[in-house]
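What follows draws every value from the coordinates through simple rules; no lab data is involved. This is a predicted model, so every value here is computed, not measured. Here the Cβ is made from the backbone with ideal geometry for all residues, glycine too, and neighbour counts use every protein chain on show.
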Amino acid sequence: MCVPTTSTASRPRGHRCAGALALAAAALLTVCLPVSTAYATPGKDEKDRPKPPDRMATIGGARLGEPGTQIAPRPGADAPKVPKKLSARSWIVADAETGHVLGAHNAHWELAPASTLKMLFADTLLPKYPKEMEHKVTRSDLEDVGAGSSLVGVKEGLTYTVENLWLGVFLRSGNDAVHVLSAMNGGVGQTVREMNAHADELRALDTHAVSPDGYDMPRQVSSAYDLTLIARSGMQKADFREYVSTVRAEFPGEWKKKGKDGKKKRKHFEIQNTNRLLTGNGIEPYPGIAGVKNGYTSNAGNTLTAVAERDGRVLLVTVMHPDDGYLEVYKEATKLFDWGFEAADAVRPVGELVPPATAETDQKQPGTDGEASGNADSPGGGKDPDEASLVKADGDEASSGGGMKIALGVTGASLVLLTLVAYVVHRRWPRALPDLSRLRRAPGRRQG
């Protein structure tokens, strides 16, 4: 059974200095600013539900480290209210292009990720092997596949292309395909080390991989914030975008006996994507959907990260562990997409998706003639006097006291630190994503 940690400090991995600096500054801001947090209305079984930690990681913004729902309506704007009856333990809605977090609920709660962790696996390994490369599966390739795993049907002794295997990973969430690709990469241990290193690079600091496929393992955790970061990174890759948007494909099976022409032919069988927002299996497909990945384990419950486009705006939504019911994660994601597209221009960001530690800045350092380190729509940018306010879910603002009072409460040395962190955190990576609307419903293809 997976035992989620309650603090990133307990994880046995080092964090990069940029992430540590951001965390330190966020902690400083939390001390300096009055805090008011909004919680969803308790249901009749609320007292029996697991509770998020009182304090969580604050990378991306101090508000994202607070438990409960975080929304910031713009003054005078008719912002829609957050959908009612959301049961997910954690969720996030973010603009994929700007990185602005439009709304969140327990964004940094470290929870079991299930197969959404395969996004990190793919983002780490996809660039390594050309899709036409072939691999003959051995018994050792499949030895560590967990009991009860989802499988695509990879067989020992048969040869598959890398493209076959990735289709098995993305469409059928096949742990057998994951383990074969891991074997090609030097084994599960090597692959997991690379995944954790890549998570650090992306500054997905809530994430700790133990198994490459998301199978329940002790101390294997991620968060809605991190899964959204990982999905955003993956969607920069053409192959990743193609695979996550593919509805169905033909997967190679056994070889037939020689026919009358004396030639052997390989059987194929159809596989379908398990993301129901894409396929419409049991629920209406979401308009503009373009992936990304769903998952389920007994410990994680249902998890989902999805990306959709409407009228030129691209949103990412992650939902983790809603109430029981295999369709609930899709219903709640649908509600959050609808809310996000309607609310995008009526709310201020409550945080942002940070750039990777290795991303090149597209602006000059503070104090030069270049772009300022923050902007009016970015948390911590310093241009909006109300942007530090914490807003309740029903829209009632709890004033922070305004930017002037904040400045007076921070020492000169702290201001230097905050300026440096603003420069690090508010770099834009990337400025824009590719147009995802054209990636809807990639046609099935025969794979041999």
- From the cross-link list LYS155/LYS258; LYS118/LYS256; LYS118/LYS335; LYS81/LYS335, which pairs have alpha carbons spaced over 22 Å apart? LYS118/LYS256; LYS118/LYS335
- Item | Across LYS131/LYS257; LYS237/LYS293; LYS131/LYS267; LYS131/LYS237, pairs whose alpha-carbon gap is larger than 25 Å | LYS131/LYS257
- For ALA96, distant residues with modelled amide H under 5 Å away: VAL314, LEU315, LEU316
- Residues whose modelled amide H sits under 5 Å from the amide H of GLY253, counting only those 5 or more places away in sequence or on another chain, are LYS267, HIS268, PHE269
- Item | Mean Cβ count within 10 Å, highest first, over the residues of peptides 172-184, 124-136, 294-306 | 172-184, 294-306, 124-136
- Query: Contour minus end-to-end for ARG219 and LYS265, with contour as 0.36 nm per residue of separation and end-to-end as the Cα-Cα distance?
  - Reply: 12.0 nm
- Item | Under the Karplus curve 6.51 cos²θ - 1.76 cosθ + 1.60, θ = phi - 60°, whole-Hz ³J(HN,Hα) for segment 149-162, x wherever Gly or Pro sits | 5, 6, 10, 9, x, 5, 10, 4, x, 9, 9, 10, 7, 4
- Applying the Karplus parametrisation 6.51 cos²θ - 1.76 cosθ + 1.60 with θ = phi - 60° to the phi angles of segment 177-187, what ³J(HN,Hα) value in whole Hz is obtained for each residue in order, glycine and proline being reported as x? 5, 4, 6, 5, 5, 5, 4, 5, 8, x, x
